[in-house]
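Beneath this line is the structure, given in structure tokens, with notes to follow.
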Amino acid sequence: MRDSAHLPAPHPSPVTRRAFLAGAATVSAAGLEGILAARRAPAFAQGTKLHIVRWVDFIPEADVELKRQAPEASKALGAEVQFEFINANDLQPRITAAIQSGAGADIFHMLWNWPHLYANGLVDVSDVVEPIGKSQGGYYDVFSSTSKVGERWLAVPHGTGGNAIAYRRSWFNEIGVKEFPKTWEDYREVGKKLKAKGKPVGQALGHSFGDPPTFAYPLLWDFGGAETDKTGKKVVINRKGAIESVKFMQAFWKDACDEGGLAWDDTNNNRAFHAGEISATLNGASIYIVAKRQRDKLKDEKGEPLVQDIEHEALLPKGPAGQFALYGAFQHSIMKYSKNQKLAKDLLRWLHQRENYAKWFQVNEGYTVGATKVWEEDPMWAKIDRPRQVLRSAARQTRMLGYPGPASAKATESYTKYIIVDMYAKAVQGTRAEDAVKWAETELKKIYEA
């Protein structure tokens with residue numbers, strides 16, 4: 001876990017109501033382009049501070065780039081732009097507290113379909129979202145589920161985090177495996193051999209925002225299980241597909257996995273992989289990128305750069321019902337309590353101008369895929385290594401929380417309470433598969449059918 005980083009910001013000077021309204025009218029007429037063309041800030045913004053809270057990125061250079069851009073944005077907008085970076089698992093408590101108190105950051109980083117959960121506290125940003133989508137090839141379908149509530153966009157899509165299984169090529173070769181297993185059952189057999197050699201598969205199964213759910217939900221779907229029917233109103237998890245997926249997970253966990261993963265968050269598997277403690281793990285591109293950028297520090301057991309032995313192109317295996325994925329949706333929402341809503345919109349427009357977004361996008365090297373389709377054609381993809389090419393069109397493939405029902409506050413509540421993750425966690429700790437699924441059914445009914 002990295003420390004939060006803060007940019008210094010002066011205390012905002014007072015702005016009279018008359019000056020605010022006069023300045024607001026000017027910006028409304030001219031818009032952000034007028035401000036930038038005039039090369040001076042709008043009068044009402046002078047002395048204002050814009051506070052934006054984001055996660056601590058798994059690609060440190062991405063946060064460095066945003067901090068570098070902050071003075072440029074401040075100059076363009078005539079307001080002090082303050083980025084604050086916090087652990088991703090602290091975002092939801094921070095957002096909830098801000099809405100309840102009616103005070104806090106102007107803009108928050110939203111994950112998954114959180115905008116549905118916080119809809120009453122968020123500003124309609126359709127006037128920001130739609131022009132960006134129109135000029136940049138359109139948004140991926142996933143964002144209509146996550147960022148749009150009814151007919152209103154309550155968040156500005158910022159990107160999506162594809163994932164794939166990072167694994168040690170040489171260790172797989174040692175047991176005669178030349179390509180990654182195609183089915184879950186084959187993966188269990190491969191993992192069993194690796195664990196017998198002290199090189200288990202690593203999978204986080206604790207209460208953490210990313211790796212546990214991006215593993216658990218696709219596993220459920222791959223075996224034909226689901227939380228609800230298509231209406232999103234009737235809980236259907238207590239059926240054969242879910243039960244079979246839980247039985248598989250019990251065997252997979254015992255035979256193939258590092259059982260310490262029950263206590264892992266989204267950073268533990270990265271560290272375990274880099275330390276040579278696990279042979280494979282589901283992750284974003286950060287494992288590969290960090291190993292590449294720290295090639296003089298991260299070595300394999302032969303003293304060679306670890307990155308040379310990492311494959312990162314394997315999607316999760318196929319199950320009896322198909323092969324599915326859950327990729328994280330990243331977006332920004334403006335809070336209704338903010339006294340700087342128009343200026344906050346202008347900041348998000350500024351961040352998504354191609355020349356600004358490109359600089360941030362490119363340092364990610366595939367970890368974060370663009371929110372709009374134009375970024376699939378960015379020159380960066382021709383420069384990065386083959387193991388990350390699988391992520392180029394990752395956003396086209398994902399399902400979203402609540403599938404096959406609609407994205408909703410209830411689906412987000414289920415995710416927030418880790419019901420699907422805990423269903424598997426209970427089972428691998430000894431609860432009968434049928435009982436673990438029955439427990440999940442009871443908890444889900446409290447949400448969907450109450």
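The values are calculated or read from the model by the stated rules, or taken from the named source; none is laboratory data. Keep in mind the model is a prediction, meaning the values are calculated, not measured. Using ideal geometry, Cβ is built from the backbone for each residue, glycine included, and neighbour counts are taken over all protein chains shown. To get the accessible areas, we keep the full protein, side chains included, count just its heavy atoms, and leave off ligands, DNA and RNA. Shrake-Rupley method; radii C 1.70, N 1.55, O 1.52, S 1.80 Å.
For the chain, how big is Rg over Rh, using alpha carbon atoms and the Kirkwood form of Rh?
Rg/Rh for the chain comes to 0.99.
Give me the percent relative contact order of the chain, please, defined on Cα pairs under 8 angstrom at least 6 residues apart.
Computed value for the chain: 24 percent relative contact order.
For the chain, give the magnitude of the charge dipole about the Cα centre (Cβ charges: +1 Lys/Arg, -1 Asp/Glu; no others), in debye to the nearest 20.
The calculation lands at about 580 debye.
Across 10 Å bins from the origin, how do the percents of Cα pairs in segment 100-172 run, short distances first?
Here the calculated profile for segment 100-172 is 17, 43, 21, 11, 7, 1.
When the C-alpha atoms of segment 52-138 are aligned to their principal axes, what extent does each axis show, in angstrom, from largest down?
Projected onto the principal axes, the Cα atoms of segment 52-138 cover 32, 30, 27 Å.
Arranged from highest to lowest average of other beta-carbon atoms within 10 Å per residue, in what order do the peptides 161-169, 129-137 appear?
The packing order, highest mean first, is 161-169, 129-137.
Leu315 accessible area, nearest 10 Å², 1.4 Å probe?
Result for Leu315: roughly 60 Å² accessible.
Could you look at segment 138-231 and say what percent of its accessible area is carbon and sulfur, using a 1.4 Å probe and all protein chains?
Carbon and sulfur together cover 48 percent of it.
Semi-axes of the equivalent ellipsoid of segment 301-359: what are they in whole Å, largest first, if each equals the square root of 5 times a C-alpha gyration tensor eigenvalue?
40, 22, 11
Using per-residue counts of other Cβ atoms within 10 Å, averaged over each peptide, order 401-413, 424-436, 93-105 from highest down.
Result, highest mean first: 401-413, 424-436, 93-105.
Helix 341-351 against the longest principal axis of the chain: what's the angle in degrees, Cα atoms only, rounded to the nearest 10?
The answer is roughly 60 degrees.
Calculate, for the chain, the solvent-accessible area per residue in square angstrom, rolling a 1.4 angstrom probe over the heavy atoms of the protein chains.
On a per-residue basis, the chain sits at 41 Å².
Of Ala98, Thr183, Gly224, which is farthest towards the positive pole of the chain's charge dipole, taken about the Cα centre with +1 and -1 on the beta-carbons of Lys, Arg and Asp, Glu respectively?
The residue sitting farthest along the positive end of the dipole is Ala98.
For the chain, give the share of DSSP beta bridges that are antiparallel, in percent and rounded to the nearest 5; count only bridges with both residues there.
Antiparallel bridges make up about 65 percent of those DSSP assigns within the chain.
What are the principal axis extents of the Cα atoms in segment 221-329, in Å, biggest first?
53, 31, 24
Leaving out same-chain residues fewer than 8 places away, which lysines sit with a Cα under 23 Å from that of Lys193?
Straight-line reach from Lys193, under 23 Å: Lys178, Lys182, Lys247, Lys254, Lys302, Lys318.
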